[in-house]
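The values are calculated or read from the model by the stated rules, or taken from the named source; none is laboratory data. All of these numbers come straight from a predicted model, not from anything done at the bench. In this analysis, Cβ positions are derived from the backbone assuming ideal geometry, glycine residues included, and neighbour counts consider all displayed protein chains. Side chains are part of the model used for accessible areas, which takes the heavy atoms of the whole protein and leaves out ligands, DNA and RNA. Shrake-Rupley method; radii C 1.70, N 1.55, O 1.52, S 1.80 Å.
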Amino acid sequence: ASKNEVSYAIANITLFGIISMLIYPYFANFYFDGEPLFVGLFLGTSIHETSQVAAAGLIYDQQFDSPETLNIATVTKLIRNTFLIIMIPLFAFLYSRGKTKEGSYSILNIFPYFVLGFVGMIILRNIGDQFFEINSNDNWTETINFIKTSSKVFLTMAMAAIGLSTNLKDIRNMGYKPFLVGFIAMLTVGIVCIISIEIYLKIFI
């Protein structure tokens with residue numbers, strides 16, 4: 001993608017992700033009657049960016065005292081992220097088919113390495129829980145609590161960085177059509193998430 005196209009994409013994700021981050025926690029609490037599982041699933045599937053999902057879950061936790069919702073939303077989003085391992089190389093391959101050698105790409109350059117970090121932390125947490133639970137080691141619990149506290153600090157820093165990198169004048173100069181597409185995408189994803197959860201409720205509950 002060109003720099004302008006990348007800027008459009010980032011601006012869309014930032015703008016509509018922030019709107020969703022601020023509105024969806026209250027909407028989800030009203031629509032799903034405060035049920036942590038469904039609120040978390042909705043936040044994790046309807047908001048584009050990982051830190052914005054975590055921020056929305058944190059907002060919900062602080063406003064409605066529901067830490068499990070934050071956990072569900074974050075895990076749901078990160079499970080979505082694991083599919084980037086498949087989807088990013090796939091889309092790059094489909095986009096590059098039939099193009100000249102100059103238009104080719106490198107898997108190593110586009111591979112989402114942070115997903116591997118996420119998977120690694122899942123393995124570490126589960127092995128640690130299994131091992132230290134048997135030995136009743138309080139140091140492991142303190143370590144987990146320290147990492148959780150640190151994650152909130154880093155999340156605040158990430159959201160501040162997004163805000164500092166957003167220039168409304170530059171966004172305005174880009175035109176409105178890509179943002180119209182982004183708005184439609186935001187609504188579509190949110191509606192599909194609600195429909196999916198409603199289908200789940202009717203079939204399994």
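For this structure, a couple of remarks:
- Qualifying positions in the range 78-97 - open to solvent by less than 80 Å² (accessible area, probe 1.4 Å) and either of a type in the set (G, A, S) or farther than 16 Å from G120 by Cα (or both): M87, I88, P89, L90, A92, L94, S96
- Selection of first residues in the range 170-192 that are in contact (Cβ under 8 Å) with a residue 40 or more places away in the chain and of second residues that are exposed (fewer than 12 other Cβ atoms within 10 Å of the Cβ), restricted to Cβ pairs under 9 Å at least 6 apart or on distinct chains, gives the following pairs, ordered by first then second residue: M174/N4; P178/E5.
- The range 65-77, residues that are assigned to a loop (DSSP other than H, G, I, E, B) and either among the β-branched types (V, I, T) or open to solvent by 70 Å² or more (accessible area, probe 1.4 Å) (or both): D65
- Contact annotation: residue pairs with Cβ atoms under 6 Å, 6 or more positions apart or on different chains, pairing a residue in the range 62-81 that is free of Cβ contacts under 8 Å to residues at least 24 places away in the same chain with a partner that is surrounded by 15 or more Cβ atoms within 10 Å (Cβ to Cβ) and assigned to a helix (DSSP H, G or I), are P67/D61.
- D33 exposed (fewer than 13 other Cβ atoms within 10 Å of the Cβ), over 28 Å from N145 (Cα atoms) and modelled with pLDDT of 85 or more: yes
- Here D61 meets each of (1) assigned to a helix (DSSP H, G or I); (2) more than 24 Å from K148 (Cβ to Cβ); (3) among the charged types (D, E, K, R) with one exception, condition (2).
- Check on L37, free of Cβ contacts under 8 Å to residues at least 40 places away in the same chain and not in a loop (DSSP other than H, G, I, E, B): yes
- Wholly enclosed helices (runs of 4 or more DSSP H) of the range 96-205 bearing at least 2 residues at pLDDT 80 or above: 113-135, 138-164, 177-204
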